[in-house]
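What follows is a short report on a single structure.
The numbers here are math on the coordinates, done by the rules we state, and not lab data. Keep in mind it's a predicted model, so treat the numbers as computed, not measured. As a convention, Cβ positions derive from the backbone with ideal geometry for all residues, glycine included, and neighbour counts pool all protein chains shown.
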Amino acid sequence: MKSLSTCVVALVALTSFANAQRGNPYFFSFFNGGDRGRPERPQRPQRPQRPQRPQAPQGEPEHESAISYASGCSDDGLLILEPAPVPGATVKAKVQDPKTDLCRQAWIQLPQTPYDGAVDFPLVYFFHGDMRQEQVDRTDSPEEQFGGGRSLAPFVDGTIDNFSFILVSVQGTQHAAMGRNAVGWEVWDGEEGGSYDIDFLRILHQKLLQHPSMHIDSAKVFATGHSSGAALAFRLAFQMQDIFLGVAPRAGRLFGNTQWLMEDTSTCMSLQYQYGLEDDHGLDGSALCDLAGGDYSCTGKYSIEGSIIKAARANGCTVDSADPDAPEWAQSLVNTPVQTGMTMNGHPWTVYEFENCAGGAVVRFITYEDQGHSFQDVNTDTWASNVDFFIRLAQDPTRYCPSSR
């Protein structure tokens, strides 16, 4: 009872704080506040080179030998929800993945009221960053919801502009891309130790839509993710435009290989990307695989600004590149429309919103000058910004890439 009372007090405090900031143009509503225009982009101070992070040894671990998964999935592929969904409940979902035979799971946070079938709710998927097995065990609970689901849960009941939604925090799988030995997400389908995440998400989403206890507005489906989960969110922008209205990756980046994400890739998907410029995972990219080599197992990563440039170009937006002759993965921005501001606790942010995107897509890039990979000082602000972005799109879904869905 003590922990429950503490949670209630914390949620009331968060709600009161959010409501108190309604008039502050620099809190939550990034697209409404700040100084617009096309000023010359200020030069960033040079930072000292950080040492390269050591490369973990490559390996091809089997799913069962390295990571433990849920049990109790239905052999006939039915979606199992435990306990039964009721308003305000946190429910575990289990479903058998027919391609890998893994019993995969997710936590579902339902809004409190009115969740009675009379109204369909927006759906927000959350994808965690890489986690070791002990982290999975520690966060596999209604309070934690696989990493960052706990950070989004306070917004489910309309903390911002009465926007209530269903939150689905999905657990990743074992994979060995770039030597990682963790529960995370694939940068392309079928990589070493792969689990075909895009195929599985299509299965999970269809089963959620079909379940009689899940009251989902299929026109308002969104995704956000952190780190490895952000890399997956980038993939959704290119591979699941028929389902998602918008995606909001945080702290990850775009990856590619010869199997997908070629130079002429196009999409129509609203996307908001947030990154901390003190991220110790680095801001630079590395050369993509040789497109003529046909080696699907190789991996290349886009730089931070290269990732958002790729997303903007793929959406047909106007892109001002500081180095247009450089490889696409290494390019950086210049002279982009800018908004600037400060969080309530004094941390500066900058927003770049691209213009003239095809199909009405909204493509935005938010940076925090003094934040690292975990956004420790502005964690709530970043998730609130993503919810605010989803609210913007949900107000009229027909304005944004209607031909994609």
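So which lysines pass the test for residue 220, namely a Cα distance under 18 Å, with those fewer than 8 places away in the same chain ruled out?
Cα-Cα hits under 18 Å: 207.
Sorted by mean Cβ packing within 10 Å, highest first, what order do the peptides 324-331, 382-389, 222-229 take?
Descending mean neighbour count gives 222-229, 382-389, 324-331.
How far apart, in nanometres, would the label points at residue 355 and residue 284 be if each is projected 7 angstrom from Cα along the Cα-to-Cβ direction?
So the two model labels end up 3.3 nm from each other.
Residue by residue through segment 384-396, what is 3J(HN,Hα) from phi via Karplus (6.51 cos²θ - 1.76 cosθ + 1.60, θ = phi - 60°)? Round to whole Hz and write x for glycine and proline.
These are the phi-based 3J(HN,Hα) values: 4, 4, 5, 4, 4, 4, 5, 4, 4, 6, 6, 4, 7 Hz.
Just want the ordering: 232, 393, from fewest to most Cβ atoms lying within 10 Å of their own Cβ.
The order, fewest Cβ neighbours first, is 393, 232.
Using a basic spin-label model with each label point 7 Å from the Cα along Cα→Cβ, how many nm lie between residue 395 and residue 207?
Here the modelled spin labels are 3.7 nm apart.
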